[in-house]
Amino acid sequence: MNPYALPLLIAVLLSGCTTPRTVTFVEGALVPRNFRFVTIVKQRGDEAGGWRAACLRLPIKSDTGDAIICKMGVDMPIKTLEDGLITLPAAQRIAADSGNAAAQIAFAPTTIETPMGILCENFKTAFHLTLDAAVVGSRVKTACHPKSESARAER
């Protein structure tokens, strides 16, 4: 099964309520092209180093009509001691996979009463943890690097 075909969140039903009006969800799935990384610090020589950044805008909406855009900066080293050189396509794939895994973690415990801002912050926290586990030193931040291009995750 293609991991990019998985939705960020399949309708999460908690507390025994199964009507569609009780579901909070995120549409779509993150795919590598959602991460438009730009080089912030060039990697030089054989040493670990270099830095790339992307800016992601993730729409989150509820069937109640509430909606927000969850904006975050996604930063990743270009070369690490553990992983070696991480090519741009690999960085994009790793970021997408980590984001999709993070969505399942972050949104699973939500209910229709969960504030949209909390959903966004929970996602950023889970995304940071999953991305850093995949590539040590990676991070997800509230602010985007000024040089990074904002990309809206679309379905």
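Being at pLDDT 95 or above and either aliphatic (A, V, I, L, M) or more than 18 Å from ILE60 (Cα to Cα) (or both) is the filter here, so list the residues in the range 103-127 that pass it.
ALA126
Considering only residues that are open to solvent by 10 Å² or more (accessible area, probe 1.4 Å) and outside any loop (DSSP other than H, G, I, E, B), which ones fall in the range 145-154?
Once the filter is applied, which keeps residues that are open to solvent by 10 Å² or more (accessible area, probe 1.4 Å) and outside any loop (DSSP other than H, G, I, E, B), the range 145-154 yields SER150, ARG152.
Is it true that GLY50 is farther than 16 Å from THR130 by Cβ, part of a strand (DSSP E or B) and open to solvent by less than 70 Å² (accessible area, probe 1.4 Å)?
yes
Yes/no matrix, rows are residues, columns are (1) without any contact (Cβ under 8 Å) to a residue 40 or more places away in the chain; (2) part of a loop (DSSP other than H, G, I, E, B); (3) among the hydrophobic types (A, V, I, L, M, F, W, C); (4) exposed (fewer than 13 other Cβ atoms within 10 Å of the Cβ):
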| site | (1), (2), (3), (4) |
| --- | --- |
| ALA103 | no, no, yes, no |
| THR110 | no, yes, no, no |
| GLU121 | yes, no, no, no |
| PHE127 | no, no, yes, no |
| LEU131 | no, no, yes, no |
| ALA143 | no, yes, yes, yes |
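Do we have any residue at all in the range 24-47 that's at pLDDT below 80, farther than 14 Å from THR110 by Cα and either open to solvent by less than 50 Å² (accessible area, probe 1.4 Å) or among the aromatic types (Phe, Trp, Tyr) (or both)?
The answer is yes; a qualifying residue exists.
Taking the conditions exactly as written (modelled with pLDDT of 80 or more and either assigned to a strand (DSSP E or B) or within 18 Å of the chain's Cα centre (by Cα) (or both)), does ILE69 satisfy them or not?
Numbers: modelled with pLDDT of 80 or more: yes; either assigned to a strand (DSSP E or B) or within 18 Å of the chain's Cα centre (by Cα) (or both): yes.
It is true that ILE69 is modelled with pLDDT of 80 or more and either assigned to a strand (DSSP E or B) or within 18 Å of the chain's Cα centre (by Cα) (or both).
Given the condition among the basic types (Lys, Arg), touching a Gly at 6+ places or on another chain (Cβ under 8 Å) and either touching a residue at least 24 places away in the same chain (Cβ under 8 Å) or surrounded by fewer than 19 Cβ atoms within 10 Å (Cβ to Cβ) (or both), answer yes or no: does some residue in the range 80-97 qualify?
For the range 80-97, residues among the basic types (Lys, Arg), touching a Gly at 6+ places or on another chain (Cβ under 8 Å) and either touching a residue at least 24 places away in the same chain (Cβ under 8 Å) or surrounded by fewer than 19 Cβ atoms within 10 Å (Cβ to Cβ) (or both): absent.
The values are calculated or read from the model by the stated rules, or taken from the named source; none is laboratory data. These figures come from a predicted structure and were not determined experimentally. When we count neighbours, we look across all protein chains shown, and the Cβ atoms used for this are built from the backbone with ideal geometry, even at glycine. The area values use the complete protein model at the heavy-atom level, side chains included, leaving out ligands, DNA and RNA. Shrake-Rupley method; radii C 1.70, N 1.55, O 1.52, S 1.80 Å.
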